[in-house]
1. For region 4-53, how many residues meet the condition of being assigned to a helix (DSSP H, G or I), at pLDDT 50 or above and buried (at least 19 other Cβ atoms within 10 Å of the Cβ)?
2. Of everything in region 75-129, what is in a helix (DSSP H, G or I), closer than 21 Å to Leu369 by Cα and among the hydrophobic types (A, V, I, L, M, F, W, C)? Give them in sequence order.
3. Just one of (1) crowded, with 16+ Cβ neighbours inside 10 Å; (2) in the same structural domain as Ala94 (by TED's automatic domain parsing) trips up Leu306, so point out which.
4. Just for region 181-196: of the residues that are surrounded by 12 or more Cβ atoms within 10 Å (Cβ to Cβ) and of a type in the set (A, V, I, L, M, F, W, C), which one is nearest to the chain's Cα centre (by Cα)?
5. Mind checking which strands (runs of 3 or more DSSP E) fall wholly inside region 296-400 and carry at least 2 residues that are among the polar types (S, T, N, Q)?
6. Restricting attention to region 433-453, and to residues there that are of a type in the set (Asp, Glu), out of contact with any Ser or Thr (no Cβ under 7 Å at 6 or more places or on another chain) and over 15 Å from Lys403 (Cα atoms), which single residue is modelled with the lowest pLDDT?
7. Filter region 454-483 down to the residues that are in a loop (DSSP other than H, G, I, E, B) and under 21 Å from Val404 (Cα atoms) and list them by number.
Amino acid sequence: MRKLSFIVAVLALSACGGRPAGTLQVGPGDTPEAVIAKAVRVVPTPLQRHALENGFAAFVHFGPNTFTGVEWGSGTEDPSVFTLREPDTDQWCAIFREAGMKRVILTAKHHDGFVLWPSRYTQHGVAASPFRGDVVKALAASCRKYGLEFGFYLSPADLYQMEAPDGLYGNGSATTLRTIPREVPGRPFADKTTFQFEVDDYNEYFLNQLFELLTEYGPVSEVWFDGAHPRRKGGQQYDYQAWKELIRTLAPDAVVFGKEDLRWCGNEAGETREAEWNVIPFAQDPATLNMFDDRTDADLGSRERLLAQEKPFWLHYQPAETDVSIRDGWFWRNDGGQAVRGADDVFDIWERSVGGNSILLLNVPPDTLGRISPRDSAVLTAVGARIREVYSTDLLTGASRRKVDGALEFTLPLAIRFDRLELREDLSKGERIEAFALDVWSDGWQEVARGTNVGNRRILRFPEQDATRLRVRILSARAEPKIASVSAYYTR
């Protein structure tokens with residue numbers, strides 16, 4: 001353990017004073033010890049903490065691509081291709097709950113610009129399709145019925161608004177004062193809140209759609225944005241600061257993905273970092289940013305990374321979401337040739353992501369009948385059963401616990417067989433642990449495995465062990481560790 005650095009960091013933390021915060025600035029004169037002490041003081045908002053603790057969410061890609069068999073629509077699709085009869089959103093939510101998911105995020109609008117609700121502001125959507133229903137409404141109701149949180153993905157990119165002769169995306173319109181929502185004769189809003197923003201045509205359109213989704217479908221837990229763009233037009237810029245004001249006002253319980261609340265893990269393959277830090281550096285104040293760059297480096301928040309950052313900079317709490325699809329592709333194509341991940345694969349991703357201090361967002365796309373395929377359903381049911389079987393029985397229950405020479409030692413009345421160790425930190429006290437080791441007693445202490453940072457949840461995997469005594473040694477920490485829990489499990 002870095003004893004000297006640890007002691008100095010604790011002293012620096014006391015000297016810095018102040019309350020914990022979600023963002024702190026590092027100044028030109030801050031010493032390395034002060035930088036690390038500030039990093040410890042950066043903590044999650046209640047909404048970020050809730051998202052981390054929920055851990056496992058469903059992503060639902062659904063739209064014209066489901067019926068055309070393509071991954072990226074062109075924006076020129078005739079709405080008639082969306083031949084859905086009635087989505088069985090109750091079936092979706094029953095399966096998601098069985099899998100252990102806590103939240104569902106629907107692609108209310110993908111890059112093609114087709115909307116899954118009858119918007120006042122475009123006819124390019126379900127209102128002009130043979131379906132003529134409201135997928136958003138159906139899913140929001142099913143989420144409430146099955147005790148799941150509801151969120152939506154509204155693509156900033158919009159190929160229909162690029163391709164249509166009267167499209168608003170990149171049309172060169174002036175930035176003027178606009179009232180949101182724009183009144184539409186015959187379709188008043190029950191929510192009479194209004195906003196005024198200086199924006200262009202496309203940002204007005206986007207804000208009007210956000211208003212519909214945030215006010216007409218019940219509580220929203222997450223608003224999901226990404227940075228993917230099939231192409232751009234006319235130098236179109238997004239006014240995220242206006243979007244944010246709308247979201248924070250109308251949906252105060254919603255986290256925003258792709259912006260300052262949650263970030264992309266950096267890949268779509270279910271790969272995870274060895275150490276996924278929540279506190280990472282920003283060259284500018286995140287509160288003022290309009291665009292957030294994708295973070296794809298292997299190391300985002302280690303001590304070395306923070307100390308190498310050019311000053312001044314900001315330390316900001318921004319957990320990662322690991323988004324990956326259960327299928328080969330984000331949209332359902334067929335039930336013959338389209339590969340589906342097996343239960344072992346999904347369980348492995350769950351352990352590495354949820355057990356690696358991130359959130360797992362698993363995409364499960366419905367088919368053309370509006371149902372989750374039996375292939376996908378079987379996998380999710382098996383994964384949910386395995387999570388409950390393994391992680392509902394803490395084998396350290398009843399163990400005596402004591403601190404010995406800085407290590408946390410557990411003694412059990414009878415030997416246990418285990419192959420997983422789970423650590424959790426008290427998130428209200430910041431990220432502190434940088435590295436730790438697991439030892440078991442067998443005619444002396446034998447090291448079994450090592451782990452990196454902990455954060456919300458760190459699951460350590462190793463060959464099965466039989467032991468009556470085990471201990472956790474902290475190898476490196478930024479301040480005195482504040483461990484919330486230590487648990488042992490066996491995967492059988």
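The values are calculated or read from the model by the stated rules, or taken from the named source; none is laboratory data. Values in this document were obtained by computation on a predicted structure and should not be read as measured data. Neighbour counts are summed over all protein chains in view; Cβ atoms, including those assigned to glycine, are modelled from backbone coordinates with ideal geometry.
1. The total comes to 11.
2. Residues satisfying the conditions are Val81, Trp92, Cys93, Ala94, Ile95, Phe96, Val126, Ala127, Ala128.
3. The number of the failed condition is (2).
4. Going through the qualifying residues, I end up with Phe195.
5. Correct list: 320-325.
6. Asp443
7. Val454, Arg478, Ala479, Glu480, Pro481, Lys482
A quick yes/no check of all residues on (1) at pLDDT 95 or above; (2) surrounded by fewer than 15 Cβ atoms within 10 Å (Cβ to Cβ); (3) not in a loop (DSSP other than H, G, I, E, B):
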position	(1), (2), (3)
Glu198	yes, yes, yes
Glu204	yes, no, yes
Asn208	yes, no, yes
Tyr217	yes, no, no
Ile247	yes, no, yes
Val256	yes, no, yes
Lys259	yes, no, no
